[in-house]
1. Since residue 22 meets every condition but one in (1) more than 25 Å from residue 281 (Cα to Cα); (2) in contact (Cβ under 8 Å) with a residue 40 or more places away in the chain; (3) not in a strand (DSSP E or B), which condition does it not meet?
2. On the basis of being away from ligand 2 (no atom under 16 Å from the Cβ), in a strand (DSSP E or B) and in contact (Cβ under 8 Å) with a residue 12 or more places away in the chain, does residue 69 make the cut?
3. Restricting the search to region 239-256, which residues are within 16 Å of ligand 4 (Cβ to nearest atom) and either more than 23 Å from residue 16 (Cα to Cα) or surrounded by fewer than 17 Cβ atoms within 10 Å (Cβ to Cβ) (or both)?
4. Quick one: count up the residues across region 32-61 that are in contact (Cβ under 8 Å) with a residue 60 or more places away in the chain and assigned to a strand (DSSP E or B).
5. Tell me, which residue of region 89-115 that is surrounded by 19 or more Cβ atoms within 10 Å (Cβ to Cβ) and farther than 19 Å from residue 75 by Cβ is farthest from the chain's Cα centre (by Cα)?
6. List the helices (runs of 4 or more DSSP H) that sit entirely inside region 100-205 and contain at least 1 residues that are within 30 Å of residue 276 (Cβ to Cβ) and free of Cβ contacts under 8 Å to residues at least 12 places away in the same chain.
7. Being in a helix (DSSP H, G or I), at pLDDT 95 or above and either surrounded by fewer than 24 Cβ atoms within 10 Å (Cβ to Cβ) or within 16 Å of ligand 3 (Cβ to nearest atom) (or both), is that true of even one residue in region 5-15?
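The values are calculated or read from the model by the stated rules, or taken from the named source; none is laboratory data. Nothing here was measured: the structure is a model prediction, and the numbers come from that model. As a convention, Cβ positions derive from the backbone with ideal geometry for all residues, glycine included, and neighbour counts pool all protein chains shown.
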Ligand code: AMP
Ligand code: ZN
Ligand code: FE
Ligand code: FE
């Protein structure tokens, strides 16, 4: 039987609703061999998941999902896999980041309360949002409080009615810095859910070709929002450039119809992705070893047969 994995799940340490231990139990029940906890801008849930994983026989890969900017694109997501998640420089960098997120969350709640006051509706409490967030505060936390207070019926309404109009920009990592940080920590840098950046295949090829020289190691070819055709396209682009393909459900526990391991039902990610990520990590632990796959595997950069 094929060993299946889910390399993109969120815990309560960012905007997921399941604890790392619960995620590991779900993975076990779903028959998955490995999962990666890829919380937004934090690795705080990784060790708990690893410990839980050892107890039940589910491999847990350390991971993180950074919000980065690249050229004119904001909020591009970059996954870091198999990085040294206990590194003090990483933890300091993330602390500074978290502080900025907290401040931004506070500013959003203030704007939102102003709007609610104007509408003659009950305000929401900053404390309730922070308590729910625990780790890395994001707009989905504020959405959950809006739902809990009966101010909106679901996530979609929370965003459309309040969180988009009251948004305050986040600070994004420049993508080159994030890739560099991941690689210095012996990890692999993978472009998350590319179809969320654009659905235009030619535009994606051009983005990916700009990221390869910066050290991009892989593409999340299998994700929600990618059709079978998109995934085949992304895998072909990856193969030509010697990039690793990964996949995951982006499970938060709040999206309707998304399950761990299978996403919206079609997802199937094999253990090969894990083996390749671990191989890259191990290669990077050896001082002086080449930090990228050999050029022959990388294909011809700029090969754009699909996109004239
Ligand atoms: P933040 O990082 O705080 O800006 O929150 C971004 C997260 O909010 C994304 O990762 C999504 O999970 C969620 N999100 C963004 N836009 C929407 C939307 N229109 N409807 C539902 N969830 C959304
Ligand atoms: Zn998320
Ligand atoms: Fe993401
Ligand atoms: Fe995610």
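1. With (1) more than 25 Å from residue 281 (Cα to Cα); (2) in contact (Cβ under 8 Å) with a residue 40 or more places away in the chain; (3) not in a strand (DSSP E or B) applied to residue 22, the lone miss is (2).
2. The answer is yes for residue 69.
3. Within region 239-256, just 255 meets the criteria.
4. 6
5. 112
6. So the answer is 175-184.
7. Looking through region 5-15, none of the residues is in a helix (DSSP H, G or I), at pLDDT 95 or above and either surrounded by fewer than 24 Cβ atoms within 10 Å (Cβ to Cβ) or within 16 Å of ligand 3 (Cβ to nearest atom) (or both).
Matching residues to (1) on the phi < 0 side of the Ramachandran plot; (2) at pLDDT 95 or above:
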residue	(1), (2)
191	yes, yes
203	yes, yes
219	yes, yes
240	yes, yes
245	yes, yes
253	no, no
264	yes, no
267	yes, no
293	yes, no
